[in-house]
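Accompanying notes for the structure given below.
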Amino acid sequence: MYSEGMPDTFVNTSGHKLKAFDPDYKKYIAPAAARRMGRIIKIGVASAAVCMERAQEKNPDAIIVGTAMGCVEDTEEFLIKMIDNKETLLTPTSFIQSTHNTVAGQIALLLGCNNYNFTYVHRGFSFESALLDAMLLLKEKEASSVLVGGLDELTNNHFEIYNKLGYWKVSTSCIDSIRDKSDGVLPGEGAAFFILRTEKDDHTLAELSGLEMIYKPDDALLQKRVLELLQKHALAPAGIDALVLGINGHGEEDRFLLSLAETLFPETPIAAFKHYCGEYPTASAAGLYQAAYLIKNQEVSEAAWQTGNRPKQISNVLFCNGFRKDYQSVTLLSKC
Amino acid sequence: MTNRVLITGMGMISSIGMNVEECYASLLSRQSGTDKARILTTVHRDTYPVSEVKLTDDELSKQAGLSQDRPYTRTTLLGMIAAKEAFEHAGLHQLERLRTGMVSGTSVGGMGKTELNYLDYLQIENPELLSMYIDTHDCGDSTQTIADTLGCNDYVTTISTACSSAANAIMLGARLIKNGLLDRVLVGGVDSLTRFTLNGFNTLMILDKEHCKPFDGERCGLNLGEAAGFIVLESEAAAREGNRKIYGQLTGYANTNDAYHQTASSPEGNGAFLAMKKALEKAGIQPDDVDYINVHGTGTPNNDLSEGRAMERLFAGKIPPFSSTKSYTGHTLGAAGGIEAVISLLSINHQIIFPNLNFTNKMPELNCEPVTETDTSVAVKTVLSNSFGFGGNNTSLVFSAS
C-alpha cells in the first residue's frame, strides 16, 4: 500500500524484510469483515478501496487481480493445522480464504459488484496478465472502467524457506543494495491497484499505451521486442524520457535490464523502485505505480534515481521489469 | 474470413478414462469413476468416496512420457497427459510460425507435493529436497512446465478462480484469438486430489459419503475428483491453413460474480442467471436455441438449488435437457470447465445427451428434472456449459456445431 508519492522515508522494515505497511483498516473495511480476513486480503481490499476512492469509482465493470502465491498465510495456517491434527478438528475459515481468488472475490462482495472477475496466478507475469486482460476488455468495449491489482505477501515461513535456499540479500541499506549486483534479492511484499479507463479525466495519471511480456529472452530478443513496442507507437529510444527499472540488486537477474538500458538507452535517466517494496512476483504493480506517478508529477524521490542525470520534461516512460530472469515485461506509459 | 473461434483438438484424463475415447466409453456405459481412494492417503478414505485417476504418480509419468529425473507434481502429470492428447489431436506441432499459446486453470497447483513435504521444508535442514520442489508449489508451475515441454510459448498464463478456473481459461483463450494476439491456444484446466482440498471441503460439510446425487431432492454433497481437460482453439484462418478437422465452435462466454458470499451461492442464483444470460447474448442466441445444458451440478444442496432456480428463470420454465456429469467424474474443481468442455463437444459430435447418474427424486423447489438415460434422439447443435466457483465466480460457455 502506498501513500501519496514515494518519499525517501518510505521503507518499512522488519528485520531485513521490506514489510508492507498495515494501514488503518477500519477506514476501509468493517471490523466484523476485517476480523476474518487474512493480512494479504486486508491489504488488497484496502489498496483497492483507496484506489477507487481516488478515481471516484463505485462499481467497476471488471475486477482483475494478479497474485503468484495467493493467500499464503491462510494456506499455511490450514496446511499446518491439517498436518498437526492429522486431518481432524479443522475449521473452514483459513481454507476458504486460501483460494487465490479471495481478494478479487472479497472486493466484489464488499461492492456488490456482479461484473467480470478474474484472478491470474502465473508467476512473474501474474500482474501483467491481469493488466493485459484489462486492456483487452477496454479494447473490446466490454468495459469502460476496470479495477486491476497485483499483490503478494511475505509470511515468516515463506521468508524462512527461501532464506534456506539463499534467496535473500541481507542489507542495512536498501537503496545501496539494489546497486551492488551481488547475490540475493530484498525480501518484499505489497499490493498496488489501478483503475484503467478508456476516457481521460481529472484523476488520470498517465496513458498506458503498450505492454509486452517476454518469456525467457536473451538480450537480443528483449531489445528487439522493446524496439518493436516503441515502433508501434512511433517512438525511437530517444523519445523515452525516463526508464523505471525493476532492478533488485541480484547481478545475474538485473543484467537483462541493465544491458537493455546500456544498449538502447545509454543517456536516459533511470529510476528504480525495488528498494521500496523488495522483490516479489507482482512487484511490477508497485513499479507501474511509480512510473505512472512519475509522469503525473514529473518527479519521484531523489533516492529512486540510479543515474546522475534527471529528466527535464517527462512525456514517455518505459517501465521494464524482470522476475527471476525468465519473466521480463515492458510497459509504455505516456503523458496525456 | 469471419471471427469464429473453432475447436480443433481435445484431451482429457479423469477418473473415468485416460483419454477422450476411454472417457466417452465410460459415459456411454454409465461407468462412474467414484470410489474409495486408492492413491491418496487420507484418514477420510473410508468415509468419503473420491473420483481418482487410478494411476500412481510413477505410472502417470510413464503415461506422460516424462523421465523421472526431475520432480513433477501430480497436477503437472495429469495436465501433461491431457494437454499432449489435445496438442497431438490438433496437430499443433505443425505450422510452427503460427502464434500458439496456453491458458490453464488450476486451484490446487503443486499442493500435492507441498502437503507431503511442508514440515520438512520448515524443520529439517534439507535444501536439496527444498529446492527440488519449492518452485513446483505455485499455480503457474504446471502450466509453464507443460507449455515449455510442448512448445506453445507465445503467450502462457494461469487462472485461478476456484471451480470456474478452466472455463475462464477457455474464455480468455477465445478472446486472445479474437483480439489477434494468438492464432491457436491450448486451453482448459487441471487439478489433482490433495488432502488439503479434501479436508477443506470437509470443514464446509459439503462432501457426500455416498456417490453424489446432482439435482436430486435428497442430495447431500459432492464427491471430489481430479482430472485434466484441454481443448485447442484456433482462429478460422489458422484452422483453414492447417486443414484441421473442426469439432465445434465456441460461440458464447460470460463471467459474472454472484457477490453474495465467499462460498455459498445466492438462493435465487443471481450470478448464475447473469452468466448464462450474458453467454447466450454473446452467442447471439435465444434460450430456445439451447439443446443441452451440462450443468455445474455438484450435488450440494446449495449449488443445485441456486443453479436450478437460475435456469428456471432464464428459460422461463422451458428448460432444455440437462445433466450433471459430475455424477461420473466427481467435482474436479479447477479442471471441471475443461473436462466438461470436452464432454459438451462429445455431445455435439456424437449427437448424444449424457445422463445424470444417481437421480431418483425431483427437487421439491424446482419444476425440472435432469436427463437420466442416454439420449440420442435429440439433435444437439448448441450446448451450454456452466462452471460456478467459490468467491461467487460464475462462468458459462456456449459450444455450437460448426
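Determine whether the range B:242-252 contains at least one residue that is among the charged types (D, E, K, R) and touching a strand residue (DSSP E or B) at 6+ places or on another chain (Cβ under 6 Å). Give the steps one after another, and end with the answer.
Here is the first cut: in the range B:242-252, the residues among the charged types (D, E, K, R) are B:244-245.
Filter once more, keeping what is touching a strand residue (DSSP E or B) at 6+ places or on another chain (Cβ under 6 Å): B:244.
Scanning the range B:242-252, I find at least one residue that is among the charged types (D, E, K, R) and touching a strand residue (DSSP E or B) at 6+ places or on another chain (Cβ under 6 Å), so the answer is yes.
Within the range B:125-164, which residues are within 10 Å of another protein chain (Cβ to nearest Cβ) and either of a type in the set (A, V, I, L, M, F, W, C) or touching a Cys at 6+ places or on another chain (Cβ under 9 Å) (or both)?
Result: B:130, B:134, B:139, B:147, B:156, B:158, B:159, B:160, B:162, B:163.
Say we look at the range A:292-328 and pick out the residues that are under 18 Å from the mean Cα position of the chain (by Cα) and farther than 21 Å from residue A:193 by Cα; which of these is modelled with the highest pLDDT?
Taking the candidates together, the pick is A:326.
I'd like to check something: does the range A:65-73 contain any residue that is part of a helix (DSSP H, G or I) and more than 9 Å from chain B (Cβ to nearest Cβ)? Reasoning before the result, please.
Step one: of the range A:65-73, the residues part of a helix (DSSP H, G or I) are A:72-73.
If we keep only those that are more than 9 Å from chain B (Cβ to nearest Cβ) too, we end up with A:72-73.
Among the residues of the range A:65-73, at least one is part of a helix (DSSP H, G or I) and more than 9 Å from chain B (Cβ to nearest Cβ), which makes the answer yes.
Looking at residue A:86, is it out of contact with any helix residue (DSSP H, G or I) (no Cβ under 7 Å at 6 or more places or on another chain) and outside any helix (DSSP H, G or I)?
Values: out of contact with any helix residue (DSSP H, G or I) (no Cβ under 7 Å at 6 or more places or on another chain): yes; outside any helix (DSSP H, G or I): yes.
The answer is yes for residue A:86.
When you look at residue A:243, is it at pLDDT 95 or above and surrounded by fewer than 21 Cβ atoms within 10 Å (Cβ to Cβ), yes or no?
Numbers: at pLDDT 95 or above: yes; surrounded by fewer than 21 Cβ atoms within 10 Å (Cβ to Cβ): no.
It is false that residue A:243 is at pLDDT 95 or above and surrounded by fewer than 21 Cβ atoms within 10 Å (Cβ to Cβ).
If a residue has to be over 17 Å from residue B:229 (Cα atoms), more than 14 Å from chain A (Cβ to nearest Cβ) and more than 17 Å from the chain's Cα centre (by Cα) to count, how many in the range B:8-51 make the cut?
Of the residues in that region, 9 qualify.
Do you know which of the residues in the range B:308-330 that are under 27 Å from residue B:224 (Cα atoms) and either touching a Lys or Arg at 6+ places or on another chain (Cβ under 7 Å) or of a type in the set (Lys, Arg) (or both) is surrounded by the most Cβ atoms within 10 Å (Cβ to Cβ)?
The selected residue is B:326.
Just checking, which of B:306, B:327, B:344 is within 13 Å of residue B:384 (Cβ to Cβ), among the hydroxyl-bearing types (Ser, Thr, Tyr) and in a helix (DSSP H, G or I)?
Working: B:306 fails: within 13 Å of residue B:384 (Cβ to Cβ); B:327 fails: within 13 Å of residue B:384 (Cβ to Cβ).
Step by step, each of B:306, B:327, B:344 is checked, and only B:344 is within 13 Å of residue B:384 (Cβ to Cβ), among the hydroxyl-bearing types (Ser, Thr, Tyr) and in a helix (DSSP H, G or I).
Using the structure shown, decide if residue B:89 is surrounded by 19 or more Cβ atoms within 10 Å (Cβ to Cβ), farther than 25 Å from residue B:161 by Cα and either within 21 Å of the chain's Cα centre (by Cα) or at pLDDT below 95 (or both). It would help to see each step written out before you state the result.
Values: surrounded by 19 or more Cβ atoms within 10 Å (Cβ to Cβ): yes; farther than 25 Å from residue B:161 by Cα: yes; either within 21 Å of the chain's Cα centre (by Cα) or at pLDDT below 95 (or both): yes.
Judged against the criteria, residue B:89 is a match.
Of these, A:87, A:77, which one is facing chain B (nearest Cβ under 8 Å), of a type in the set (Asp, Glu) and without any contact (Cβ under 8 Å) to a residue 40 or more places away in the chain? Reasoning before the result, please.
On the way: A:77 fails: facing chain B (nearest Cβ under 8 Å).
Going through A:87, A:77 in turn, the sole match is A:87.
If you go through the range B:128-136 one residue at a time, do you hit one that is aromatic (Phe, Trp, Tyr) and assigned to a helix (DSSP H, G or I)?
Yes, there is a match, as at least one residue in the range B:128-136 is aromatic (Phe, Trp, Tyr) and assigned to a helix (DSSP H, G or I).
Looking only at residues that are assigned to a helix (DSSP H, G or I) and in contact with a Leu (Cβ under 9 Å, 6 or more places away or on another chain) in the range B:137-157, which one is nearest to residue B:102 (Cα to Cα)? Spell out how you get there, then give the answer.
So in the range B:137-157, the residues assigned to a helix (DSSP H, G or I) come out as B:140-150.
Cutting the leftovers down to in contact with a Leu (Cβ under 9 Å, 6 or more places away or on another chain) gives us B:142, B:146-147, B:149-150.
Numbers: B:142: 11, B:146: 9, B:147: 7, B:149: 12, B:150: 10 Å.
Taking the candidates together, the pick is B:147.
Residue B:269 versus (1) in contact (Cβ under 8 Å) with a residue 12 or more places away in the chain; (2) over 20 Å from residue B:326 (Cα atoms): which is the lone unmet condition?
Evaluating residue B:269 over (1) in contact (Cβ under 8 Å) with a residue 12 or more places away in the chain; (2) over 20 Å from residue B:326 (Cα atoms) leaves (2) as the failure.
Of the residues A:119, A:88, which single one is modelled with pLDDT of 95 or more, surrounded by fewer than 17 Cβ atoms within 10 Å (Cβ to Cβ) and out of contact with any Asp or Glu (no Cβ under 8 Å at 6 or more places or on another chain)? Steps first, please.
Working: A:119 fails: surrounded by fewer than 17 Cβ atoms within 10 Å (Cβ to Cβ).
The unique qualifying residue is A:88.
Which of the residues spanning the range A:211-233 are free of Cβ contacts under 8 Å to residues at least 40 places away in the same chain and either over 22 Å from residue B:152 (Cα atoms) or within 23 Å of the chain's Cα centre (by Cα) (or both)?
A:227, A:231, A:232
How many residues are assigned to a helix (DSSP H, G or I) and either of a type in the set (D, E, K, R) or within 11 Å of chain A (Cβ to nearest Cβ) (or both) when one looks only at the range B:175-189? Show your work before the answer.
Looking only at the range B:175-189, we keep the residues that are assigned to a helix (DSSP H, G or I), and these are B:175-178.
Checking the rest, the ones that are also either of a type in the set (D, E, K, R) or within 11 Å of chain A (Cβ to nearest Cβ) (or both) come to B:175-176, B:178.
Number satisfying all stated conditions: 3.
Mind telling me which of the residues A:154, A:131, A:138 ends up being among the aliphatic types (A, V, I, L, M) and modelled with pLDDT under 95? Even if it seems obvious, please write down each step before you answer.
Values: A:131 fails: modelled with pLDDT under 95; A:138 fails: modelled with pLDDT under 95.
Going through A:154, A:131, A:138 in turn, the sole match is A:154.
Please determine, by comparing only the residues of the range A:90-103 that are within 7 Å of another protein chain (Cβ to nearest Cβ), part of a helix (DSSP H, G or I) and not hydroxyl-bearing (Ser, Thr, Tyr), which one is farthest from residue B:43 (Cα to Cα). So that I can check it myself, show each step before the final result.
Residues of the range A:90-103 that are within 7 Å of another protein chain (Cβ to nearest Cβ), as a first pass: A:90-92, A:95-96, A:99-102.
Next, from what is left, pick out any that are part of a helix (DSSP H, G or I): A:95-96, A:102.
Of the ones still in play, those that are also not hydroxyl-bearing (Ser, Thr, Tyr) are A:95-96.
Values: A:95: 18, A:96: 21 Å.
It comes out as A:96.
Is it fair to say residue A:126 is within 13 Å of chain B (Cβ to nearest Cβ), in contact with a Ser or Thr (Cβ under 8 Å, 6 or more places away or on another chain) and either assigned to a helix (DSSP H, G or I) or not charged (D, E, K, R) (or both)?
Yes: the conditions hold for residue A:126.
When the range A:108-125 is examined, which residues are found to be without any contact (Cβ under 8 Å) to a residue 60 or more places away in the chain and of a type in the set (Phe, Trp, Tyr)? Quick ask: steps written out before the conclusion?
Residues of the range A:108-125 without any contact (Cβ under 8 Å) to a residue 60 or more places away in the chain: A:108-109, A:111-122.
Once the filter is applied, which keeps residues that are without any contact (Cβ under 8 Å) to a residue 60 or more places away in the chain and of a type in the set (Phe, Trp, Tyr), the range A:108-125 yields A:116, A:118, A:120.
Would you please name the residue that is nearest to the other protein chains (Cβ to nearest Cβ), looking only at residues in the range A:107-116 that are assigned to a helix (DSSP H, G or I) and surrounded by fewer than 24 Cβ atoms within 10 Å (Cβ to Cβ)? Lay out the reasoning, then the answer.
Residues of the range A:107-116 that are assigned to a helix (DSSP H, G or I), as a first pass: A:107-111.
Pick out the ones that are also surrounded by fewer than 24 Cβ atoms within 10 Å (Cβ to Cβ) and you get A:109-111.
Values: A:109: 5, A:110: 9, A:111: 7 Å.
Selected residue: A:109.
For residue B:294, are the conditions met, namely being free of Cβ contacts under 8 Å to residues at least 12 places away in the same chain and either buried (at least 21 other Cβ atoms within 10 Å of the Cβ) or out of contact with any Asp or Glu (no Cβ under 9 Å at 6 or more places or on another chain) (or both)? Lay out the reasoning, then the answer.
Details: free of Cβ contacts under 8 Å to residues at least 12 places away in the same chain: no; either buried (at least 21 other Cβ atoms within 10 Å of the Cβ) or out of contact with any Asp or Glu (no Cβ under 9 Å at 6 or more places or on another chain) (or both): yes.
Judged against the criteria, residue B:294 is not a match.
Specify the residue that is surrounded by the most Cβ atoms within 10 Å (Cβ to Cβ); the eligible residues are those in the range A:278-293 that are in contact with a Leu (Cβ under 6 Å, 6 or more places away or on another chain) and hydrophobic (A, V, I, L, M, F, W, C).
Ranking the qualifying residues of the range A:278-293, first place goes to A:291.
Of all residues being more than 26 Å from residue B:393 (Cα to Cα) and charged (D, E, K, R) in the range B:116-144, which is modelled with the lowest pLDDT? Just the residue, please.
The qualifying residue modelled with the lowest pLDDT is B:125.
Check whether at least one residue in the range B:239-249 is crowded, with 20+ Cβ neighbours inside 10 Å, out of contact with any Cys (no Cβ under 6 Å at 6 or more places or on another chain) and within 14 Å of chain A (Cβ to nearest Cβ), and report yes or no. Reasoning before the result, please.
Looking only at the range B:239-249, we keep the residues that are crowded, with 20+ Cβ neighbours inside 10 Å, and these are B:239, B:244, B:247-249.
If we keep only those that are out of contact with any Cys (no Cβ under 6 Å at 6 or more places or on another chain) too, we end up with B:239, B:244, B:247-249.
Of the ones still in play, those that are also within 14 Å of chain A (Cβ to nearest Cβ) are none.
So far as the range B:239-249 goes, no, none of its residues is crowded, with 20+ Cβ neighbours inside 10 Å, out of contact with any Cys (no Cβ under 6 Å at 6 or more places or on another chain) and within 14 Å of chain A (Cβ to nearest Cβ).
Considering only the range B:92-117, state which residues are surrounded by 22 or more Cβ atoms within 10 Å (Cβ to Cβ) and within 7 Å of chain A (Cβ to nearest Cβ).
The answer is B:107, and nothing else.
Just checking, how many residues over the range A:147-188 are farther than 30 Å from residue A:64 by Cβ and either in a loop (DSSP other than H, G, I, E, B) or within 13 Å of chain B (Cβ to nearest Cβ) (or both)?
Going through the range A:147-188 one residue at a time, the tally reaches 16.
The values are calculated or read from the model by the stated rules, or taken from the named source; none is laboratory data. This is a predicted model, so every value here is computed, not measured. All Cβ positions, even for glycine, are placed from backbone atoms using ideal geometry, and neighbour counts span all protein chains on display.
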